Each structure stands twice: as structure tokens, then as C-alpha cells.
Amino acid sequence: MIIPTYNEAGNVEAIVKRVRSAVPDAHILVADDNSPDGTGRIADGLAAADGNVHVLHREGKEGLGAAYLAGFRWGIDHGYGVLVEMDADGSHQPEELPRLLTALKGADLVLGSRWMPGGRVVNWPRTRELISRGGSTYSRLLLGVPMKDVTGGYRAFRKETLEGLGLDDVASQGYCFQVDLARRAVEAGYHVVEVPITFVDREVGDSKMSRDIFVEALFRVTAWGVETRANRLLGRRAVGRARTAGESPAESRPAESS
């Protein structure tokens, strides 16, 4: 369980205890971005008292994507076969984690979905729900991915899936990081499953969403969509030229280098 934190002193102890209760065998990595409110020190205390809790101290606030990437690398390096993303603020309920892990037995990646039948959000204003739904719909249509909730951050990965996503060239930092990994999984041919979750708005602390994060997401998703559509168009044109020349589509593709 990778739980990135920045100024989550009021939440980190409770979320760790809930995870340990929901899945007693789970190991937890708190990836703290040098929180000025002392979150890292609280996490250190939890780790000292529980061998299943670990802390990754990072130098500063570099964004959600960078924290998760560091957590993925730590988990893979330490031999974990399943890695899970979860927010620190309680919006991703640990009590639903067993359903994600059960679904992962038949999948490469499992997404906790707010927007599929059975999923819902609690205590969100209508405007925020519309923005989130709209972001998922925009990403799904522009990128051609089948998931209902492309932007959600409650996810369970197999180690092999993460290793096949090309994490070394992931540049997205904010919430579009989730869109990036979802599209990479689909493009790589991995089996992605969604399970419904109930997303509960945080009660303690402040949301990390900002205008800059929103702008980054809009810019990057649009750029990925343009690239995806251009590649598909070029592929169709190549097939059309091959048929006109009397070749098979396979014959029209350049030979792969050895």
C-alpha cells in the first residue's frame, strides 16, 4: 500500500490503522514529501511500532505522480508482487481494499471506480462532481480508453504490469498521472477491471487540487489525445496505401529491427 502524504498529520495515523485492520497482512509505505506539519515524524512513530509500516522520506513536494513513482520503485525493489495506490485522507476507504485485491486475481490492473454502477461519492458539492465526471468522460473519449473512471486514484497493480508501463518516461505529476497510467495500461494490452467504490470527501485537512494541477491535466490529456488520433490516422492511411498497391497490411509495415 503506497500512501503519499503532504501535510496529513491529522489523517496518517487513522488511515494506517484502518488499512492494517482491513488487510492485516498488508505492508504500508508512507511516502512523505517533507511535510512541514510533522506528518513524516508521525509516520516514523507508526513504523517504529509496527514492522508492516515503512516510511519513504522525500526531499520536498514534487507532486502526486513523483511520489507514486518513488513508491512503486521502492516496492518493486523490495520484492512486493502487488502495489496499491491510496489517498491518505480517508476518501479511499481501506475497508473496500479486499474487493480490489480479489478482482486483481483475474486482472493486471484494478481501478476503484466512482462512476460505474454501484460507485458513488459522498459529501461532494455538485460542481466538484461534475468536474470529476467531466474529466473522466473527456479523457475516455479523447484517448479511446474504456474505463468509466479514468482519473480515480484507488488502484491495485501487479508488479509485472507496472514494469511494463514504461515508468521511466512518465512525466505527469498531478492528477493526470492517473490518466497517464490508465492509457498506458490499455495501449500495452493489459487486462483492466473496474470495481465500484464509495468515495468519501476528506474531513480533516485541505484538498491538494489546484488550478495548476487542473491546467496540467487538461493540457497533457489533450496532447495525448491528439497524438493518439494522429497515430491511428497514420495507421489507417498506411493500410489504405497497402491495399491500393495490392499488399497486405502486414506487408506495408516496416520490418522490426532485431
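Derivation of every value follows stated rules applied to the coordinates shown; laboratory data play no part. This one's a predicted model, so the numbers in the text were calculated from it and none came from an experiment.
Of note:
- Convex hull projection area averaged over all views, region 117-205, Cα basis, nm²: 6.8 nm²
- Stretchable slack from Thr198 to Asn123, in nm (0.36 nm times residue separation minus alpha-carbon distance): 25.9 nm
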